[in-house]
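Comments concern the structure below.
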Number of protein chains: 2
Amino acid sequence: MESKNAVAALAALAQESRLAAFRLLVVAGPEGMPAGEIGEELAIPPATLSFHLKELVHAGLIESRRESRSIRYSLCTAAVKELFEFLMEDCCQGRPELCGVQAEQLCCGPPPPKRTAKRRGAS
Amino acid sequence: MESKNAVAALAALAQESRLAAFRLLVVAGPEGMPAGEIGEELAIPPATLSFHLKELVHAGLIESRRESRSIRYSLCTAAVKELFEFLMEDCCQGRPELCGVQAEQLCCGPPPPKRTAKRRGAS
DNA sequence: TCCATATTTCTACTATTATGGAAATATGGA
DNA sequence: TCCATATTTCCATAATAGTAGAAATATGGA
């Protein structure tokens, strides 16, 4: 990922309405949500929402597909991952013991509830 | 983390010079880097750099400490982690199998080189 | 074809942000 | 105290971004 792409993605997220829409789509998962539903949930007028969604699409963070009369938006998970990797590239020069970020488990709640004793079985 | 804080952090990162400075500090780790060194590395005039560093500090992403004549900046790793968690909260409604993000290993290069056969030793 | 629904484009207005020179401030050493 | 170094504050200018009404476009059904 190039710096310019990352800046575009971050700028897209750096706005209340867009961040809220993004987070809605993070939760929605691959199914995504139609624009109208997003707008209703966030109480944003259609023209404004359309503008913001387009910004997110343009930044490559979400994508749209028409579905009958609605347009359904969903997250581009690969782009999100790339962005995170770009931000944390060479973190602590590869000395994870120095690093408090330890980005494991940022996603999908509490997946491995315990990892103490036995290696946890197939997920 | 509140939405406003996240927007502030993202806005701080959504700028070429600041993003570059941030990434420099990600690599630098807990030691951090003095302002002058950052400015030299990025070829940014002092006044401009000072402005941008202050934005990052204000957003809570980095912190500064005076060290003799220099001011040394370093990453606030906890804030970065919080930001990532906020962005990915309830990702896929807790169904990680749906999610391509799987944010493991965003940090500190390639820590577990292989995880195929034997359970890898204590982290 | 005609209408209702869903979303986007157009447009103008307002507000915020980036830039960098010059001057000011803080530190340490002679 | 005086000077050099390191960084910040002040300021004006230029550029970019957010907002939402009204009109335009696309889809599906009667």
Any pair with Cβ under 6 angstrom, 6 or more apart, that starts in region B:42-55 at a residue that is closer than 12 Å to B:Gln15 by Cα and ends at one that is of a type in the set (S, T, N, Q) and near DNA strand C (Cβ under 9 Å from one of its atoms) | B:His52/B:Ser17
Within region A:8-19, of all residues that are touching a helix residue (DSSP H, G or I) at 6+ places or on another chain (Cβ under 7 Å) and at the interface with another protein chain (Cβ under 7 Å from one of its Cβ atoms), the one most open to solvent (accessible area, probe 1.4 Å) is A:Glu16
In the set A:Arg65, A:Arg72, the lone residue that is in contact with an Asp or Glu (Cβ under 9 Å, 6 or more places away or on another chain) and at pLDDT 95 or above is A:Arg72
Some residue of region A:36-44 being farther than 18 Å from B:Leu19 by Cβ, in a loop (DSSP other than H, G, I, E, B) and open to solvent by less than 20 Å² (accessible area, probe 1.4 Å) = no
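The values are calculated or read from the model by the stated rules, or taken from the named source; none is laboratory data. Just so we're clear, the structure is a prediction, and the values are computed from it rather than from any experiment. A quick note on method: Cβ atoms are made from the backbone with ideal geometry, for glycine too, and the neighbour counts reach across all protein chains shown. Surface areas here come from the heavy atoms of the whole protein model, side chains and all, with no ligands, DNA or RNA. Shrake-Rupley method; radii C 1.70, N 1.55, O 1.52, S 1.80 Å.
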